[in-house]
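Remarks on the structure that follows.
Computed from the coordinates by the stated procedures, all read-outs in this text should not be read as laboratory data. The structure presented is a predicted model; accordingly, all values stated were derived computationally and were not measured. Reconstructed Cβ throughout: ideal geometry from the backbone, glycine too, with neighbour counts over all protein chains shown.
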Ligand code: AMP
Ligand code: ZN
């Protein structure tokens, strides 16, 4: 999609540190990490919200969720990790292309900041 940061990263028009890529998804380092390790798993098809997710999109998200735990070493997931999907204003979503945050490498609290 035009004017979408993550579509531009997927298209190679904006640089990012790629940790993994296949036909369905890309996993990159977050540019402003909120934990010791912070990655973004981005399905390659553009959609904004879980509420707008088609059946085909749901298959992509499910492939993302299956892939992430297989990258234990590459993403530093050995001692546990957290997945976050921000949705809308209250959650502070800033990029409107659905993505899964992967946080790892440290003990994490639970209180929304
Ligand atoms: P969200 O706030 O859930 O929409 O998450 C968007 C995330 O994208 C934030 O954690 C940003 O730090 C991250 N981000 C923004 N621009 C870039 C970029 N050029 N490369 C990698 N991550 C980015
Ligand atoms: Zn997009």
Three-way shape call for the chain based on the alpha-carbon gyration tensor, with the a/c threshold at 1.5: rounded
Computed over the range 48-113: relative contact order in percent, which uses C-alpha pairs under 8 Å that are six or more apart: 37 percent
Degrees, to the nearest 10: 55-67 long Cα axis against longest axis of the chain: 30 degrees
Net lengthening on full extension, residue 95/residue 54 (0.36 nm per residue, minus Cα-Cα): 12.9 nm
Cα centroid of the range 18-38 to Cα centroid of the range 65-113, whole Å: 10 Å
Distance in nm between pseudo-label sites at residue 84 and residue 8 (7 Å out along the Cβ direction from Cα): 2.4 nm
Relative contact order (%) - the chain, alpha-carbon pairs under 8 angstrom, separation at least six: 30 percent
Mean separation of Cα contacts under 8 Å, 6 or more apart, over the residue count of the range 13-71: relative contact order %: 26 percent
The chain - share of DSSP beta bridges that are antiparallel (%, nearest 5): 100 percent
